[in-house]
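Following: one structure in structure tokens, then a few remarks.
The values are calculated or read from the model by the stated rules, or taken from the named source; none is laboratory data. Here the structure is a predicted model, which means the values were calculated and not measured. With ideal geometry, Cβ positions are generated from the backbone for all residues, glycine too; neighbour counts draw on all protein chains shown.
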Amino acid sequence: MKTNRDFFFFVSTLLIFISACSNGKTNNTDKMKKVLTEEEKYRPNFHFTPQKNWMNDPNGMFFLNEVFHLYFQYHPDSNVWGPMHWGHATSEDLINWTEHPIALYPDKLGTIFSGSAVVDFENTSGLGTLENPPIIAIYTNHDTEEEKKGGALFQTQSIAYSLDKGYSWDKYENNPVIENPGIRDFRDPKVFWMESQQKWIMTLAAGQETQFYASFDLKKWSYLSNFGKGFGNHDGVWECPDLFPLKVNGSDTIKWVLLVSINPGGPNGGSATQYFIGDFDGTRFTIDTKFKTELETNHSFWIDFGKDNYAGVTFSNFETDKKSALLLGWMSNWEYAKKVPTFNWRSSMTLPRILELNETESSYRLQSKLSVNWDLFSSKKILTKERSIEEGITIVAANAINLSSARAKVKLKNLEPTTYTFVLSNHSGDSLLFGYNHKERQFFIDRSKSGKVSFSDDFSKNQSLAPRFYDKKELEVEFVLDKTSVEVFFDDGETVMTEIFFPDQPFQTLGLLPKTSSKTIFSAELFELEPKKNIFKAIENED
Ligand code: FRU
């Protein structure tokens, strides 16, 4: 039982601490034990984390033969960013992961930065056969030596191929496939097959723009166009672009979505991912006038307003009947990722999300829906019938369910001009607050008292805020808690906020407090999530 395990870690940490104090000194073994127990105390139950060391962006994600492949920016020798490799993990359900040996190592062209992978079914690259189509990874080589010399040519694009469905890789002998044209930040190729044009299209980060390239064989690329000047936020470098078509809900219209991660420049500081809706004709991305008009009136379009969802891109070769896209992001922020209080491993991915597109009166909006098969968890369910909030309510009394592994769906009716705050708390006095200010039409997360926060000023100096797009008197909120993260989906995922936190002990109670007494009606469904299988299988590349 997770509850017992957490309790065990808490008690053992306490015992180690007490015994160290009673000796009058802390020896190294005791210190080591303490650090190890702390480690597991913070490791999520059902989000992907590397077994050891540093991870950032998801890379090369594809779906084939019922298996999801996730590669990731990985530094195998340290818990902070360094010479990048591609780590590798697979899953059949996006919850249970098996970590595999490192997929791509640095080479003479440089270390391996972010990129994508495609299944080359028609063997257009000639690097496999029609019977055994190759998987092609397209990534950035980052030449650190060249960078040190001060020039701008240190990032180039290269490819590698796998003939065993993504488990082992060979680099293409004529790399790089795209030379650097003199742009310092020139990276993160994301490739897809454009059926109507019978060609591969690449989106690439180039300074504060996205560039588009085309190819028939994934080896020779030609420049098409660029997008970015005058649109969206430009407070930082544009990274990890992704372009894909989505069907507008309730119609047959197809619109193209361009995701662009930016660092810094996020709505609440640091890194975040913005999006643009428009059309793509195989050469040029043009923003839809309706979307453009709303952008001009200063609306921000972010896939997540929380501080911890970055560099998210979609899976290749995965499509549902709605033409929706499956997104996974890195659940951290460059402002403090290297300082978070875990040491054996650093950072996790978000839960997978299906992206859908809605047309509103004024614009188009992405909607994120959790794409998790909840049957993978045995869950204890609590139902709360409709009741008035008055001065505030306790939703989960001390440990009634395990709040380190839980999901809640809450409905509020008859909102009043006050602030509704969900409060998670524990016996150490830590609290995590999130909710909705109906007067200002603003969602928020406040982790300033959530436990360990002093490792970085940027972690909690401000509340994170997100605008609500509607003036409705009802609100639906769904959130998932996994030890050190909360992912909140307001208004059926039209506004999302994802943040991490590090409480001194697990949160035990959950309440809802209105700022002023309120007649708002509350009802909820809560689930304690107990993963049915082992979440992580043993790593196979132990050194
Ligand atoms: C985004 C990013 C990418 C780059 C990678 C390096 O987080 O900066 O642009 O390829 O991380 O690890």
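Annotations for the structure displayed:
- Against the conditions (1) farther than 26 Å from residue 104 by Cβ; (2) buried (at least 20 other Cβ atoms within 10 Å of the Cβ); (3) within 16 Å of the ligand (Cβ to nearest atom), residue 269 satisfies every one except (2).
- Qualifying positions in region 427-459 - among the small types (Gly, Ala, Ser) and in contact with a strand residue (DSSP E or B) (Cβ under 8 Å, 6 or more places away or on another chain): 431, 435, 450
The rows are residues; the columns are (1) of a type in the set (Lys, Arg); (2) surrounded by fewer than 24 Cβ atoms within 10 Å (Cβ to Cβ).
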residue	(1), (2)
313	no, no
327	no, no
343	no, yes
365	yes, yes
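- Criterion violated by residue 177 - all others in (1) touching a Cys at 6+ places or on another chain (Cβ under 9 Å); (2) more than 30 Å from residue 91 (Cα to Cα) satisfied: (1)
- Per the conditions (1) farther than 18 Å from residue 200 by Cα; (2) over 23 Å from the mean Cα position of the chain (by Cα), the sole criterion not satisfied by residue 279 is (1).
- Checking residue 150 against (1) more than 29 Å from residue 245 (Cβ to Cβ); (2) modelled with pLDDT of 95 or more, the condition it does not meet: (2)
Condition check ((1) modelled with pLDDT under 95; (2) touching a Phe, Trp or Tyr at 6+ places or on another chain (Cβ under 7 Å); (3) acidic (Asp, Glu)) across all residues:
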{"position": "437", "(1), (2), (3)": "no, yes, no"}
{"position": "447", "(1), (2), (3)": "no, yes, no"}
{"position": "470", "(1), (2), (3)": "yes, no, no"}
{"position": "486", "(1), (2), (3)": "no, yes, no"}
{"position": "490", "(1), (2), (3)": "no, yes, no"}
{"position": "511", "(1), (2), (3)": "no, no, no"}
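- Residue within region 314-324 that is among the hydrophobic types (A, V, I, L, M, F, W, C) and assigned by TED's automatic domain parsing to the domain that holds residue 291 present: yes
- Within region 77-96, the set of residues being in contact (Cβ under 8 Å) with a residue 60 or more places away in the chain and within 16 Å of the ligand (Cβ to nearest atom) comprises 79, 80, 81, 83, 88.
Yes or no, residue by residue, for (1) assigned by TED's automatic domain parsing to the domain that holds residue 298; (2) over 23 Å from residue 72 (Cα atoms); (3) surrounded by 19 or more Cβ atoms within 10 Å (Cβ to Cβ):
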position	(1), (2), (3)
157	yes, no, yes
160	yes, no, yes
168	yes, no, no
171	yes, no, yes
183	yes, yes, no
188	yes, no, yes
211	yes, no, yes
223	yes, yes, no
229	yes, yes, no
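- Residue among 405, 428, 454 that alone is more than 26 Å from residue 334 (Cβ to Cβ) and out of contact with any Phe, Trp or Tyr (no Cβ under 9 Å at 6 or more places or on another chain): 428
- Within region 97-132, considering residues that are surrounded by 20 or more Cβ atoms within 10 Å (Cβ to Cβ) and assigned to a loop (DSSP other than H, G, I, E, B), the one farthest from the ligand (Cβ to nearest atom): 124
- Filter pass, residue 432 being assigned to a strand (DSSP E or B), under 21 Å from the mean Cα position of the chain (by Cα), on the phi < 0 side of the Ramachandran plot and of a type outside the set (Ser, Thr, Tyr): yes
- Test for residue 185: is it under 22 Å from residue 143 (Cβ atoms), touching a residue at least 24 places away in the same chain (Cβ under 8 Å) and either more than 16 Å from the ligand (Cβ to nearest atom) or of a type in the set (D, E, K, R) (or both): yes
- Residues (within 16 Å of the ligand (Cβ to nearest atom) and farther than 24 Å from residue 292 by Cα) located in region 191-210: 191
- Entirely in region 212-325, the strands (runs of 3 or more DSSP E) that have 1 or more residues that are among the hydroxyl-bearing types (Ser, Thr, Tyr): 222-227, 254-263, 272-280, 285-287, 310-314
- Verdict on residue 264 being under 22 Å from residue 310 (Cα atoms), more than 18 Å from the chain's Cα centre (by Cα) and touching a residue at least 60 places away in the same chain (Cβ under 8 Å): no
- Residue that is surrounded by the most Cβ atoms within 10 Å (Cβ to Cβ), among those in region 236-266 that are among the charged types (D, E, K, R) and away from the ligand (no atom under 16 Å from the Cβ): 255
- Residue within region 211-224 that is within 16 Å of the ligand (Cβ to nearest atom), in contact (Cβ under 8 Å) with a residue 40 or more places away in the chain and within 29 Å of the chain's Cα centre (by Cα) present: no
- Scanning region 49-76 for residues that are more than 16 Å from the ligand (Cβ to nearest atom) and under 29 Å from residue 317 (Cβ atoms) turns up 49, 51, 62, 63, 64, 65, 66, 67, 68, 69.
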